[in-house]
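Some notes on the structure that comes next.
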Amino acid sequence: MAVDLRARNTLGLPCQAHELQVITSLAQLQAGFPRWDEASLLVLAGGSNVVLPEVWPGRVLQPALRGRQVREEKEAVLIQVGAGEPWPELVRWTLAQGWSGLENLSDIPGWAGAAPLQNIGAYGVELADVLQEVQSVDRRDGRLRRWQRADCALSYRDSIFKGAARDTQVIAGITLRLPRRAQLHLDYGDLRAELDRMAVSTVDAQSVATAVSRLRARKLPDPALLGNAGSFFKNPIVSQAQADALARQEPGLVAHACAGGQKLAAAWLIDRCGLRGQGNGKVACHRDQALVLVNLGAATAGDVLAWAGHVQDCVRQRFAVELEIEPRVYASC
Ligand code: EPU
């Protein structure tokens, strides 16, 4: 039976799918094999990092497994969570238990199971810092597989699940490892400034979480009010030589050293092209964060990709830099 996925993706794009199957247990997920081996299967989690086509003629699987299991060790707390646990609730719950480590990752929309795919990250911390293991069901044989952190090839907004293992696994759960003597990560400039503004007497995990929430609320639109998928492009990494040349040409260029050269702030590049707050009537660059494309109400995937293409063209022409789209774009069928 056809189903509309508009309410199941944070960009709020209309998508008519052939069939939706919401799975809530591992047994159900394994029993579903070999249905998951269809090429036309779309695995959807919280829908916060996807551009869905207007029509998807195949099956949609939503692995909505819930549950949290805690194993306390001397040095760390291990938390195994079902893929369908909403990430923001999970972070709040760990903090309420007195466990730190996830505070910088507060309020990232989406489900825990999708977090390894693009190695979610914010304010100086990424999932790679806390991930211990990923559990998945192999779409080709229905078997349960366990991936240790080193197997996941996590890097900036990337993992094996977007590369060599793309479309072969349904993630069923993840295990996080939160060291008991976790250090706070306060290096991100905006975060430090926000903590200063809050003027708390002692900075702890909870105050970091509050600062992150305040920063995000100021810059990032609430998908419930204005459809969006967070950052629409990755921050591009260019060679040191190219960054130096650009910095000479463009005073104020925002860049940070990283493996492979310099990571440029895509938001700054887009902003500098005069595109912040601009759009095509259907889609726009958010007025408070140019890297976030927002659905002005009636957009389809085509409208989003048309505006994204225009942004890429402008940035290429002015800076000779390629912007790579960050969410998963499903081809129109
Ligand atoms: N800036 C502008 N114009 C803007 C917005 C920002 O010039 O409209 C400048 C800022 O002044 C700042 C720089 O661009 O110096 C970077 O901006 P920001 O700190 O907001 O971070 P970002 O690089 O745009 C990344 C992540 C976000 C994450 C934040 C905070 C990516 C693609 N995005 O954004 O992640 O929340 O850092 O750590 O790496 C997401 O992936 O969906 C996401 C929201």
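The values are calculated or read from the model by the stated rules, or taken from the named source; none is laboratory data. Quick caveat: nothing in here was measured; it's all calculated off a predicted structure. Positions of Cβ are backbone-derived with ideal geometry, glycine not excepted, and every protein chain shown enters the neighbour counts.
State whether the residues of region 49-61 include one that is in contact with a Phe, Trp or Tyr (Cβ under 9 Å, 6 or more places away or on another chain) and either among the small types (Gly, Ala, Ser) or more than 30 Å from ALA298 (Cβ to Cβ) (or both). There is no residue in region 49-61 that is in contact with a Phe, Trp or Tyr (Cβ under 9 Å, 6 or more places away or on another chain) and either among the small types (Gly, Ala, Ser) or more than 30 Å from ALA298 (Cβ to Cβ) (or both). Taking residues in region 117-139 that are within 14 Å of THR168 (Cβ to Cβ) and not assigned by TED's automatic domain parsing to the domain that holds TRP36, and partners anywhere that are of a type in the set (Asp, Glu) and within 16 Å of the ligand (Cβ to nearest atom), the pairs with Cβ atoms closer than 9 Å and at least 6 places apart or on different chains are LEU117/ASP158. Out of region 35-65, which residues are in contact with an Asp or Glu (Cβ under 9 Å, 6 or more places away or on another chain) and among the charged types (D, E, K, R)? Within region 35-65, ASP37, ARG59 meet the criteria. Per the listing VAL91, VAL134, the residue uniquely under 29 Å from LYS74 (Cβ atoms) and touching a strand residue (DSSP E or B) at 6+ places or on another chain (Cβ under 6 Å) is VAL134. Residue pairs whose Cβ atoms lie under 7 Å apart, sitting 6 or more positions apart in sequence or on different chains, and linking a residue in region 307-333 that is over 15 Å from GLY230 (Cβ atoms) and aliphatic (A, V, I, L, M) to a partner that is more than 16 Å from the ligand (Cβ to nearest atom) and not in a strand (DSSP E or B), are ALA331/PRO53. If you go through region 132-145 one residue at a time, do you hit one that is surrounded by fewer than 23 Cβ atoms within 10 Å (Cβ to Cβ), small (Gly, Ala, Ser) and at negative phi? Within region 132-145 (the criterion being surrounded by fewer than 23 Cβ atoms within 10 Å (Cβ to Cβ), small (Gly, Ala, Ser) and at negative phi), the answer is no, since none of the residues qualifies. Give the residues of region 242-275 that are assigned to a loop (DSSP other than H, G, I, E, B), over 14 Å from VAL315 (Cβ atoms) and within 11 Å of the ligand (Cβ to nearest atom), sorted by residue number. Within region 242-275, just GLY252 meets the criteria.
Let's see how each residue does on (1) closer than 28 Å to ALA164 by Cβ; (2) more than 18 Å from the chain's Cα centre (by Cα); (3) buried (at least 24 other Cβ atoms within 10 Å of the Cβ):
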position: PRO86; (1), (2), (3): no, no, no
position: ALA96; (1), (2), (3): no, yes, no
position: SER100; (1), (2), (3): no, yes, no
position: ALA115; (1), (2), (3): yes, no, yes
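When you look at TRP307, is it under 22 Å from the mean Cα position of the chain (by Cα), more than 16 Å from VAL51 (Cβ to Cβ) and part of a helix (DSSP H, G or I), yes or no? So TRP307 does not fit the description; no. On the given criteria, is ALA290 part of a loop (DSSP other than H, G, I, E, B), without any contact (Cβ under 8 Å) to a residue 60 or more places away in the chain, among the aliphatic types (A, V, I, L, M) and more than 20 Å from PHE319 (Cα to Cα)? Answer is no for this residue.
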